[in-house]
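Accompanying notes for the structure given below.
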Amino acid sequence: MRSIWTGSVSFGLINIPIKMFSAVQESTLDMDMLDAKDHANIKFKRVNENTGKEVDFANIVKGYNLEGKYIVLEDSDFEAADAIKTKTIDIESFAFEKEIQSIYYEQPYYLEPDKGAMNAYGLLRDALEASGKVGVTRFVLRNKESLAILKPYKNVIVLNRIRFEQEIRSTAELKLPPMSKKSTKEMDMAEKLIDQLTEKFDISGFKDEYTAKLLDIIKKKAKGKPQKAAPKLKVVHKQSDDLMEMLKASLENKKKKSS
């Protein structure tokens with residue numbers, strides 16, 4: 001793995017030099033776009049809008065459109081916005097992870113201690129594990145301030161970037177049923193169905209089956225083997241209005257599968 005960011009974690013008066021690595025990789029197949037006529041690769045170019053000529057990446061700058069005029073920014077301008085945060089992951093507070101809704105989670109990264117930081121890194125990791133809490137922090141990555149949490153995962157500290165509140169869209173425009181706290185027969189039956197389907201979560205039991213099937217189709221197609229027709233799916237827009245009957249049927253169906 002190659003580090004994508006270097007800096008330090010600030011924990012009280014303790015400064016822990018770290019390297020950051022992406023913790024995830026896509027399981028989807030890497031597809032190329034081709035010309036339908038001769039299967040030649042489609043290439044994208046950075047072109048000057050006025051001249052039509054291609055521009056080298058080294059000659060591209062970033063600019064902000066302010067009232068119809070572009071203000072060009074340099075690296076020093078980004079650093080001037082908050083020079084400290086560009087190299088420091090500052091733990092501002094600690095909180096229980098359950099207090100952070102899943103909608104805020106964005107991207108996980110592994111943190112590795114840099115030279116001479118093993119003891120301090122291990123202390124922070126083990127203290128987080130013992131407390132059952134996460135560190136809430138802010139830092140700058142790729143010229144964007146990010147909110148994040150630090151938490152132990154196995155033997156590594158994971159930095160999980162989370163979204164700011166203003167990045168979450170309001171639900172006001174959605175047409176939704178009102179929330180109800182009343183205990184009804186349907187609600188009791190729904191809770192029984194949830195209990196019946198509840199089991200200990202094991203991530204290893206979930207695989208990317210779609211990608212595996214697609215790769216199998218690609219290999220068969222490369223060998224000239226005919227592909228079976230895709231099954232026809234019927235989308236049901238309206239189900240029975242009798243929720244109780246559907247819940248009972250669901251419970252019975254689960255019992256049959258279990259026996």
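Rule-based calculations on the coordinates, nothing more; no lab input. This structure is a prediction, so every number in the text was calculated from the model and none was measured. A quick note on method: Cβ atoms are made from the backbone with ideal geometry, for glycine too, and the neighbour counts reach across all protein chains shown.
Quick notes on this one:
- Cross-link pairs LYS151/LYS213; LYS182/LYS248; LYS175/LYS228 - those with Cα-Cα distance over 30 Å: LYS151/LYS213; LYS175/LYS228
- Taking GluC sites (Glu not before Pro) as exposed when their DSSP state is a loop state and no more than 10 other Cβ atoms lie within 10 Å, the longest site-free interval of the chain runs over 75-172.
- Across the chain, the longest piece that holds none of the chymotrypsin sites (Phe, Trp or Tyr not before Pro) lying in DSSP loops with up to 14 other C-beta atoms within 10 Å covers 45-163.
- R0 of 51 Å, Cβ-Cβ distance ARG138-MET31: FRET efficiency to nearest 0.05: 0.90
- Lys, Arg +1 and Asp, Glu -1 on Cβ, resulting dipole of the range 18-87 about Cα centre, debye, nearest 20: 60 debye
- For the chain, a crude dipole built from +1 on the beta carbon of Lys and Arg and -1 on the beta carbon of Asp and Glu, taken about the Cα centre, is about 1400 debye to the nearest 20.
- For the chain, the Cα-based Rg and Dmax, in that order, read 26.1, 72 Å.
- Cα-projected label distance for GLU92 with LEU176, points at 7 Å along beta-carbon direction, nm: 2.6 nm
- Helix-only [θ]222 nm of the chain, DSSP H runs n ≥ 4, -39500 (n - 2.57) each, per residue, nearest 500: -7500 deg cm²/dmol
- In the range 103-158, the C-alpha radius of gyration followed by the widest Cα-Cα span (Dmax) gives 12.1, 36 angstrom.
- ARG46-THR6 pseudo-label distance in nm [points 7 Å out on the Cα-to-Cβ vector]: 2.4 nm
- Gap separating the Cα centres of the range 138-161 and the range 1-28, nearest whole Å: 7 Å
- Loop-located trypsin sites (Lys or Arg not before Pro) in the range 12-72 (DSSP state other than H, G, I, E, B) with a sparse environment of at most 14 neighbouring Cβ atoms within 10 Å: LYS37, LYS43, LYS45, ARG46, LYS53.
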